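The values are calculated or read from the model by the stated rules, or taken from the named source; none is laboratory data. Bear in mind the structure is a predicted one, so any value in this text is a computation, not a measurement. Here Cβ is always computed from backbone atoms with ideal geometry, including for glycine, and neighbour counts include all displayed protein chains.
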């Protein structure tokens with residue numbers, strides 16, 4: 001199954017004339033983790049949100065699994081793409097189990113199948129159903145809520161997942177643990193992931209390739225963590241890396 005993502009000359013210009021993303025050509029290979037990094041306001045989150053049409057591109061084409069996303073029903077499109085954001089966005093009046101089962105319910109899965117999938121995912125993210133399933137979001141720590149967000153995004157086995165600062169709301173120790181769990185989970189499932197992060201170290205740790213974006217949404221470099229950290233394409237990338245003490249790929 002083709003789970004790759006292709007952006008061809010994609011551009012986003014807002015009504016006030018601001019160019020958020022400019023002529024972006026980007027290919028995400030099926031099953032890889034691609035990290036989008038760059039300074040604030042460089043179009044990282046806009047790029048991510050154009051893939052699932054939370055933001056409509058002004059120009060260019062976006063294909064997911066070879067299909068033009070602009071030709072798809074946006075609601076159906078989003079149900080087939082997992083989406084994780086920094087502040088999770090759990091439904092406060094639904095239990096952990098109900099939150100994780102949201103998309104399968106919308107897809108009209110049978111009740112027993114939903115129950116089984118929720119139990120499986122809560123085990124995968126280290127929040128056993130018997131202990132956590134009946135709790136509400138306000139009863140969880142920030143790290144636990146983030147895990148529920150990841151479980152919910154994976155519930156319908158989406159071939160593609162979009163993650164916007166997914167671990168940013170978690171303390172450093174919890175963040176490292178979540179990063180490790182996510183890495184193991186992604187390798188097991190083979191999900192195609194596009195991740196926005198402000199942390200170059202996180203990108204080096206988790207991504208197969210890194211896309212460095214500059215002001216005006218211009219792609220400055222695309223390569224493996226080693227290629228980007230050891231051979232910056234230009235002064236912009238070198239200066240960006242310097243802010244992080246030049247993290248090195250293992």
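Put simply, of 214, 223 the only residue that is under 24 Å from residue 50 (Cβ atoms), surrounded by fewer than 20 Cβ atoms within 10 Å (Cβ to Cβ) and touching a helix residue (DSSP H, G or I) at 6+ places or on another chain (Cβ under 8 Å) is 214. If you go through segment 151-176 and pick out every residue that is surrounded by fewer than 16 Cβ atoms within 10 Å (Cβ to Cβ) and farther than 14 Å from residue 81 by Cβ, you end up with 4. For residue 77, the conditions (1) within 20 Å of residue 193 (Cα to Cα); (2) out of contact with any helix residue (DSSP H, G or I) (no Cβ under 9 Å at 6 or more places or on another chain) are fulfilled apart from (2). State all residues of segment 191-211 that are assigned to a loop (DSSP other than H, G, I, E, B) and surrounded by 21 or more Cβ atoms within 10 Å (Cβ to Cβ); if no residue qualifies, say none. Hits for segment 191-211 are 191, 197, 207.
When residues in segment 71-97 are screened for being under 20 Å from the mean Cα position of the chain (by Cα) and surrounded by fewer than 15 Cβ atoms within 10 Å (Cβ to Cβ), 6 of them pass. Exactly one residue out of 188, 230 is more than 29 Å from residue 11 (Cα to Cα) and either crowded, with 21+ Cβ neighbours inside 10 Å or at pLDDT 85 or above (or both): that is 230.
Results for (1) closer than 14 Å to residue 151 by Cβ; (2) assigned by TED's automatic domain parsing to the domain that holds residue 162, shown as yes or no for each residue.
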site	(1), (2)
70	no, yes
85	no, no
96	yes, no
105	no, no
123	yes, no
134	no, no
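Residue 182 meets each of the listed conditions (1) closer than 25 Å to residue 237 by Cα; (2) within 13 Å of the chain's Cα centre (by Cα) apart from (1).
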